[in-house]
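Reading through the structure tokens given below for one structure.
The values are calculated or read from the model by the stated rules, or taken from the named source; none is laboratory data. This is a predicted model, so every value here is computed, not measured. FYI the Cβ positions are ideal-geometry reconstructions off the backbone, even for glycines, and counts take in every protein chain you see. Only protein heavy atoms, including side chains, enter the accessible area calculation; ligands, DNA and RNA are left aside. Shrake-Rupley method; radii C 1.70, N 1.55, O 1.52, S 1.80 Å.
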Amino acid sequence: MTLEEDARQFLDDEIKGYLKAVEVELQKHIKSDTKLEEIVSYLLNADGKRLRPALLIIAYKAVGGEEIEEVVPISAAIELIHTATLIHDDINDDNDFRRGQETTNRKYGTLNAIVGGDFLFVQAFRVGGTYPWDVIRMIADACRELAEGEVIQNSNRYNTGETYEIYQEIIRMKTASLITGSLKVGCYLGGGSEEAIQAMADYGYGIGMIFQITDDILDVEGDVEKTGKPLGSDIREGQLTILAIRALETLPDEERDELAGILSRVEHSEEEVGRALDLIKSTDAVEYAYEQTHHYADVCRQALEHLPESDYRDRLELGIGVIMTRNY
Ligand code: IPE
Ligand code: IPE
Ligand code: MG
Ligand code: MG
């Protein structure tokens with residue numbers, strides 16, 4: 001099967017149908033008589049992948065959940081949270097573009113973007129608050145980890161001594177946490193056992209790590225038309241991703257010092273950003289990063305063995321390859 005076919009089967013018409021219901025639900029929660037509605041709908045309605053709701057729903061179905069209406073609101077709540085984190089992340093990272101358009105902070109100003117993100121968080125918890133305590137706890141824990149991950153990452157900006165271990169910890173917290181939370185919530189609401197919830201958590205960890213590593217690869221060699229984000233953002237932001245870490249480890253001394261010099265500076269010219277990308281690409285950093293995703297793919301596959309066989313488990317299995325090779 002080709003990858004396109006895998007991707008179509010991972011998110012097939014059945015799952016896309018459920019996601020349409022999530023879309024309708026999302027719109028209900030961003031209503032406001034003020035400009036807030038325009039501010040938050042700007043990013044919310046700009047063509048996100050809706051990966052987290054999709055995974056939540058697949059996890060729900062994978063353990064036998066049957067009342068899809070039961071998980072549509074919580075799937076929407078998680079997407080509202082995800083959108084809020086993107087709006088705040090773009091302030092944190094001082095980014096110009098996301099999803100092929102100006103970031104919310106560039107378009108509406110930082111203050112409006114802060115409040116817009118807060119509004120989305122509140123609306124998400126208004127929906128989430130109607131669910132059992134275990135669900136609220138799973139999502140709150142994920143949000144807390146995500147915030148902690150962002151702060152640890154901020155403390156490591158421009159730190160050319162950042163290790164691979166620190167990087168792994170950051171991406172587990174900032175990215176894998178909400179993906180894991182989505183899968184756990186879906187599994188819990190579908191009536192999954194403790195073992196199944198743990199398996200979903202392990203799968204989510206693996207998928208989340210793959211997802212962020214591929215995001216970091218796309219920052220170096222992605223197609224901007226597809227990703228909707230400019231190349232080299234991590235360099236401009238002083239983020240030491242797995243690719244930068246690997247390049248610093250393997251470049252000859254002189255070039256390593258040059259790359260370290262660029263990465264440790266707060267201000268860069270576009271020539272310097274381009275030079276840093278060239279230096280990274282002159283090493284095996286991209287291949288090395290892909291190799292690491294194979295390790296996490298094994299984590300995912302082992303986790304899936306603890307789930308009952310089903311078409312939905314097959315979709316989760318397909319999702320591993322789809323996310324490893326994604327180009328947007
Ligand atoms: C972007 O998440 C932030 C990361 C964790 C890399 P997505 O890539 O899921 O963003 P959208 O929702 O599809 O734009
Ligand atoms: C995103 O991390 C994770 C969040 C908590 C939103 P990044 O900062 O690496 O993601 P992009 O590249 O801006 O989407
Ligand atoms: Mg960012
Ligand atoms: Mg960031």
How far, in nm, would the chain grow between residue 265 and residue 46 when pulled straight, counting 0.36 nm per residue and subtracting the alpha carbon separation? 75.6 nm
If the convex hull of the alpha-carbon atoms of region 165-301 is projected onto planes in all directions, what is the mean projected area in square nanometres? 9.2 nm²
Highest first, please rank the peptides 234-242, 302-310, 137-145 by the mean number of other Cβ atoms sitting within 10 Å of their residues. 234-242, 137-145, 302-310
With R₀ set to 30 angstrom, the calculated FRET efficiency between the beta-carbons of residue 68 and residue 298, to the nearest 0.05, is 0.45
Through the Karplus equation 6.51 cos²θ - 1.76 cosθ + 1.60, θ set to phi - 60°, convert the phi angles of region 282-288 into ³J(HN,Hα) values in whole Hz; use x for Gly and Pro. 6, 9, 8, 4, 5, 4, 4
Summarise the accessible area of the chain (1.4 Å probe, protein heavy atoms) by the percent that is carbon and sulfur. 49 percent
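Rounded to the nearest 500 deg cm²/dmol, what is the calculated helix-only ellipticity per residue at 222 nm for the chain, with -39500 (n - 2.57) per DSSP H run of length n ≥ 4?
Mean residue ellipticity at 222 nm (helix-derived): -23500 deg cm²/dmol.
Taking all pairs of different Cα atoms in region 210-272, averaging 1/r and flipping that mean, what Kirkwood radius in angstroms comes out?
12.4 Å
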Let's test the formula: R0 of 41 Å, r as the Cβ-Cβ distance of residue 314 and residue 165. What FRET efficiency results, to the nearest 0.05? 0.75
Where the centre of each part is set by its Cα atoms, how far does region 38-78 sit from region 246-322, in angstrom? 27 Å
Over 31 Å between alpha carbons, listed pairs 35/184; 61/281; 174/281: 35/184; 61/281
At what distance in nm do the modelled label points of residue 144 and residue 158 sit from each other, each positioned 7 Å from its Cα along Cα→Cβ? 3.2 nm
If I fit a long axis through the Cα atoms of helix 68-92 and take the longest principal axis of the Cα atoms of the chain, what angle between them do I get, 0 to 90°, rounded to 10? 20 degrees
Ranked by how many other beta carbons lie within 10 Å on average, peptides 83-89, 214-220 from highest: 83-89, 214-220
Which of the lysines could a cross-linker span from residue 49 if the Cα-Cα distance has to be under 16 Å and same-chain partners fewer than 8 positions apart are dropped? 16, 20, 226, 229
Using Cα centres only, tell me the gap between region 214-239 and region 150-185 in whole Å. 17 Å
At 1.567 mPa s and 4 °C, Stokes diffusion of the chain via Kirkwood alpha-carbon radius, µm² per second: 64 µm²/s
Can you compute 3J(HN,Hα) from phi for each residue in region 207-223, using the Karplus curve 6.51 cos²θ - 1.76 cosθ + 1.60 with θ = phi - 60°, rounded to whole Hz and x for Gly and Pro? 5, x, 5, 4, 4, 6, 5, 5, 4, 6, 5, 5, 5, 9, 9, x, 9
Quick one: accessible area per residue over region 171-328, 1.4 Å probe, rounded to a whole number of Å²? 42 Å²
